[in-house]
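Before any comments, here is the structure.
The values are calculated or read from the model by the stated rules, or taken from the named source; none is laboratory data. Given the structure is predicted, the values throughout are model-derived calculations rather than measurements. Methodologically, a virtual Cβ is constructed for each residue, glycine included, from the backbone with ideal geometry; neighbour enumeration extends over all protein chains shown.
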Amino acid sequence: MFVTLFRLSSLCLLIVSQVHGEEESPKDDSFYEAIVRIENTSQKANYSNPWNNGSIRRGSGTGFLIGKNRFLTNAHVVSDSRLVYLKKRNDPKPYKAKILHIAHDCDLALLALEDPSAFEKVPPLYLGGIPKLDTTVRAIGYPVGGDRMSITRGVVSRIEFNTYTHSRVDSHLSIQVDAAINPGNSGGPVVQNGKVVGVAFQGYNGSVAQNTGYMIPVPVIDRFLKDVGDGEYDQYVDLGISEFNLLNPAQRRALGLQKYEGLGVMVGAAYKAGSAEDTLQVGDVLIEIDGLPIASDGFVTIGADRVNMSEVVERKFRDETVQIKFIREGKEQSGEIKLRRFDPAYISGNNYEVTPRYILLAGLLFQPLDRNMYAAHKNRNLHQRYIYNYYSTDGIYEERPEVVVLTSILPDEVNTHFSMFEDNVVDKINGVTIKTLQQAYDSLHPEEMPDFHVIEFIGSGRPLVLETDRVEKAHQRILDKYNVTRDHYLEKPEKG
């Protein structure tokens, strides 16, 4: 039976109560005044017809006050937002809010009210620590379709690295709660002994995994709040490597690791444009990071907890460093790595708050390859699928910082019999190898226009040829016929 991990959408979380020890409820009722219902109106981009706006959606979630006019929630509660309101407990009045910071890589957002006077006397909630296994926590939020607060209990059953489904590509520390988490209560606090120990955000959807949900733990929350402390969110950093465990005894002997008993993971790749590209190489054996021994299963011990070695990097910020020790060709070496984000990996991540980039010429729609475009057009081209799946691991980004695809065609007499070119990856336009969408636009609009536009595709022996004079005459006709308001948009979104 297929089981999928889903993010909590716009309504509320229901946790099946499980009595497994009692978690003390706050004696002061003002504790609950800090928890708000969030109502969001959003508009997702339209990647199928990028000159059109997407549909309007309305949803709700939960948030909570963590400081003076600062409310924490999930990023997916307020993604692609056009209008946000907060509602206070037992108060029907909506209070208009704005998004201060949003972090899609860890599914957290920070909001503020335009008029915070209603919350001036409300005490904020405070962050606790990581709850111990087999202890009870309470999830607080609003039931599906309801306006009244729900308080339910569950048991902490696992603490591990997990994929955050909002972005699809980021994995961070998460806490599994032995209780059913259904779509809803996104952004609601999970509380233990009067302090917030997590933010409920996703669960399992399927008949195999029952009573299983996840919350974002305090280390991830704390890192987000520290990151935005300077007024900007800089996103997570990464070593930019792949590694694999060294548990096999024969393999360890072959590598000469006898004196490093139980230690070491092997570097499978050190990606160009990654943090470690100038320090590590394939075949190196990492044995220590920031003074912490790396076990042969890839775990380190921080305090009383064994966690994935990635947790060391997770707690760092952009331009900070980690110290490493590694073995290369039998010799122990050390190095320092300055950390940054590995951008090529995000080709397969969801994008939010961005305007789709495209070129439309003679009814031919060209778009850069990314997750949103890939999902919208449901392509079947094998070359495009290969590039999408192996863009970072095979270093395709070195040759093509952007991959331009002919995603669809608006039918017209000027482009008849071209349907076989749909979903193909552009290789060259008029003899120029295309590495960015801007370059594609420039090649289609040169100072001296050629008699024909010749467009070549990866894996296709036959080029697409357009007669330039006919294109110029057909262009406005096609725009009018399909109500296209703009024939291109090239501006790149700013990086966080």
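Against the test of being of a type in the set (V, I, T), within 20 Å of H76 (Cα to Cα) and either modelled with pLDDT under 95 or outside any strand (DSSP E or B) (or both), the options I216, I181 yield a single qualifying residue, I181.
In the stretch 86-106, the condition of being over 25 Å from the mean Cα position of the chain (by Cα), farther than 30 Å from K44 by Cβ and part of a strand (DSSP E or B) is met by no residue. Considering each residue of the stretch 320-328 in turn, at least one proves to be under 22 Å from the mean Cα position of the chain (by Cα) and either assigned to a strand (DSSP E or B) or not assigned by TED's automatic domain parsing to the domain that holds T165 (or both).
Total residues in the stretch 454-487 satisfying the condition of being part of a strand (DSSP E or B) and either assigned by TED's automatic domain parsing to the domain that holds C106 or touching a helix residue (DSSP H, G or I) at 6+ places or on another chain (Cβ under 6 Å) (or both): the figure is 1.
In the stretch 72-104, the residue that is nearest to Y126 (Cα to Cα) out of those that are polar (S, T, N, Q) and touching a Gly at 6+ places or on another chain (Cβ under 9 Å) is T73. Within the stretch 294-320, residues that are farther than 28 Å from E232 by Cβ sit with their Cβ atoms under 8 Å from residues that are among the charged types (D, E, K, R), at 6+ positions apart or across chains, in these pairs: I294/E288; A295/R306; S296/R252; G298/E243; F299/R306; V300/R306; V300/E311. All of (1) modelled with pLDDT under 95; (2) surrounded by fewer than 24 Cβ atoms within 10 Å (Cβ to Cβ) hold for D222 with one exception: (1). Total residues in the stretch 39-63 satisfying the condition of being out of contact with any Asp or Glu (no Cβ under 7 Å at 6 or more places or on another chain), surrounded by fewer than 22 Cβ atoms within 10 Å (Cβ to Cβ) and under 18 Å from S81 (Cβ atoms): the figure is 11.
Among the residues of the stretch 30-85, those identified as of a type outside the set (F, W, Y) and assigned to a helix (DSSP H, G or I) are S30, E33, A75, H76, V77, V78. Please go through the stretch 113-158 and pick out each residue that is of a type in the set (D, E), farther than 24 Å from G59 by Cβ and touching a residue at least 60 places away in the same chain (Cβ under 8 Å). Across the stretch 113-158, the qualifying residue is only D134.
Only one of the listed residues (R380, R371) is basic (K, R), within 21 Å of the chain's Cα centre (by Cα) and closer than 30 Å to T485 by Cβ. That residue is R371. I need the full set of residues from the stretch 132-168 which are at pLDDT below 90 and not in a strand (DSSP E or B), in order please. Hits for the stretch 132-168 are Y142, P143, V144, G145, G146, D147, R148, M149.
Of all residues in the stretch 407-448, those satisfying the criterion of being within 22 Å of D480 (Cβ to Cβ) and not hydroxyl-bearing (S, T, Y) are I409, L410, P411, D412, E413, V414, N415, F418, L444, H445. Being over 30 Å from G240 (Cα atoms) and without any contact (Cβ under 8 Å) to a residue 12 or more places away in the chain is the filter here, so list the residues in the stretch 391-417 that pass it. The answer is T416, H417. Every listed requirement among (1) at pLDDT 95 or above; (2) in a strand (DSSP E or B); (3) surrounded by fewer than 21 Cβ atoms within 10 Å (Cβ to Cβ); (4) not β-branched (V, I, T) is met by G198 save one, (3). Residues of the stretch 330-363 that are assigned to a loop (DSSP other than H, G, I, E, B) and either touching a helix residue (DSSP H, G or I) at 6+ places or on another chain (Cβ under 7 Å) or under 19 Å from H377 (Cα atoms) (or both): L339, G349, N350, N351, Y352, V354, T355, P356, R357, A362, G363. Out of everything in the stretch 367-390 that is among the aromatic types (F, W, Y) and touching a helix residue (DSSP H, G or I) at 6+ places or on another chain (Cβ under 6 Å), what residue ends up being nearest to S275 (Cα to Cα)? Checked the stretch 367-390; the qualifying residue nearest to S275 (Cα to Cα) is Y388. For the stretch 444-463, the criterion of being of a type in the set (S, T, N, Q) and either at pLDDT below 95 or exposed (fewer than 13 other Cβ atoms within 10 Å of the Cβ) (or both) is met by at least one residue.
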